[in-house]
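Notes to accompany the following structure.
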């Protein structure tokens, strides 16, 4: 749901930018773009409402039942999901999430980031989760974690205690990634035959 919601915002952003340009569209094109914008806005509102409720539940469940989310069967998928979301919220494409009046869509990226940091902290008690985050070759990017730290600090989104715990967790991710890379290097290249 979150992914669906977040994919609507770049579309809304682009349509709003197109509609702001004077005299570039015919009246028919403008009407079509306005209808497309209204559809995307409605979908984004619906998805974000469901997303906000789901993320709240996820925070609660990961706090009270973290072992359920770090079982070997699903830990890699959970790690990939939170890494992908972090990349979307603070990575290079995050500027595409800026839309006119984000509150209209119940979209507060700073709050969402803070909630995902809480999920990381809840699951970070498990070494299996830390290793799964480091193994995530698609979305694990240390620079995203550093950007998240800067945003958390600049806007005071988490308590000093949580921020310190986040910094410690980031170091654990980095250490696990180094070990993962070293293991791969020790194995060497796969033989041709």
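Coordinate-derived values only; no laboratory data. Everything quoted here is computed from the prediction, not taken from an experiment. We place every Cβ from the backbone using ideal geometry, glycine too, and count neighbours over all the protein chains shown.
Side notes on the structure shown:
- Nearest 10 degrees, 0 to 90: helix 109-123 Cα axis against the chain principal axis: 20
- Euclidean distance of C-alpha centroids, the range 67-101 and the range 4-20, integer Å: 20
- Each helix, a run of at least 4 DSSP H residues, gives -39500 (n - 2.57); summed and divided by the residues of the chain, these come to -25000 deg cm²/dmol at 222 nm.
- Helix axis angle, 142-155 relative to the chain longest principal axis, alpha carbon, degrees: 60
- Shown for 152, 86: other C-beta atoms within 10 Å of each C-beta, ranked fewest to most, produce the order 152, 86.
- Prolate is the label for the range 2-187. Its Cα gyration tensor axes, ordered a ≥ b ≥ c, give a/c of at least 1.5 and a/b above b/c.
- Note on residue 138 and residue 172: their simple-model spin labels are 2.4 nm apart, each label 7 Å out from Cα toward Cβ.
- Projected label distance in nm at residue 31 and residue 125, using a 7 Å step from Cα toward the beta-carbon: 5.9
- R0 of 22 Å, Cβ-Cβ distance residue 19-residue 110: FRET efficiency to nearest 0.05: 0.25
- Ordered by the number of other Cβ atoms lying within 10 Å of each residue's own Cβ, fewest first, 70, 26, 111 fall into the sequence 26, 111, 70.
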